[in-house]
Amino acid sequence: METQVKNHIALSMLSSSENVAFARAAAASFAAQADLTLSEIDEIKVAVSEAISNAFIHGYGVDNVEQNYIELSMQLYQDKLEFIIVDYGRGIANVDEARQPSYSTDPERMGLGFAFMDSFMDKLEIVSKLGQGTTVKMTKILVPSTEH
């Protein structure tokens, strides 16, 4: 049974490098509603910015920026935070391969985006279809505070 949403924000942004920093700040502000440490919020910022960067760089590339959008959806529940990043770009041919550390379709990149997302979040789900895009869903479990 899904717990009730306490807050939800959805953003639609152009696939532009300038919007990576905006998405990062928005995710940090949203995560600040939960009882998290500064370190945990920093990890969420990195995970979200990596997902947005992947959509920008690998999902769409640098062509036709004005026509390409990335969606960021953030949900706060009693027990977790969810961040969903969607692009409608190229898609990923082999998600399992793409999740391997150091794998990248761009030789100039380190290929650690998914590794960071997986490391910093409690759950990472990736659904992708070639020519249709990619959805990345990241979940951070919220540990109930013992202080009242």
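The values are calculated or read from the model by the stated rules, or taken from the named source; none is laboratory data. Predicted model only: the values in this text are computed from it and were never measured. Using ideal geometry, Cβ is built from the backbone for each residue, glycine included, and neighbour counts are taken over all protein chains shown.
General remarks:
Let's see how each residue does on (1) farther than 24 Å from ALA98 by Cα; (2) in a helix (DSSP H, G or I); (3) in contact with a strand residue (DSSP E or B) (Cβ under 8 Å, 6 or more places away or on another chain):
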site	(1), (2), (3)
VAL20	no, yes, no
ALA25	yes, yes, no
ALA34	yes, no, yes
LYS45	no, yes, no
ALA51	no, yes, yes
GLY59	no, yes, yes
SER73	no, no, yes
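- Any hit, region 104-114, residues being buried (at least 20 other Cβ atoms within 10 Å of the Cβ) and modelled with pLDDT of 90 or more: no
- Residue identified as closer than 21 Å to VAL86 by Cα, in contact (Cβ under 8 Å) with a residue 24 or more places away in the chain and not polar (S, T, N, Q) among ALA28, ALA23: ALA23
- For region 31-40, the set of residues classified as within 21 Å of ALA115 (Cα to Cα) and in contact (Cβ under 8 Å) with a residue 40 or more places away in the chain consists of ALA31, GLU40, listed by residue number.
- Residue check for MET117: loosely packed, with under 14 Cβ neighbours inside 10 Å, modelled with pLDDT under 95 and not small (Gly, Ala, Ser): no
- Each residue in region 41-90 was checked for being buried (at least 19 other Cβ atoms within 10 Å of the Cβ), among the acidic types (Asp, Glu) and under 17 Å from SER119 (Cα atoms), and 2 of them qualify.
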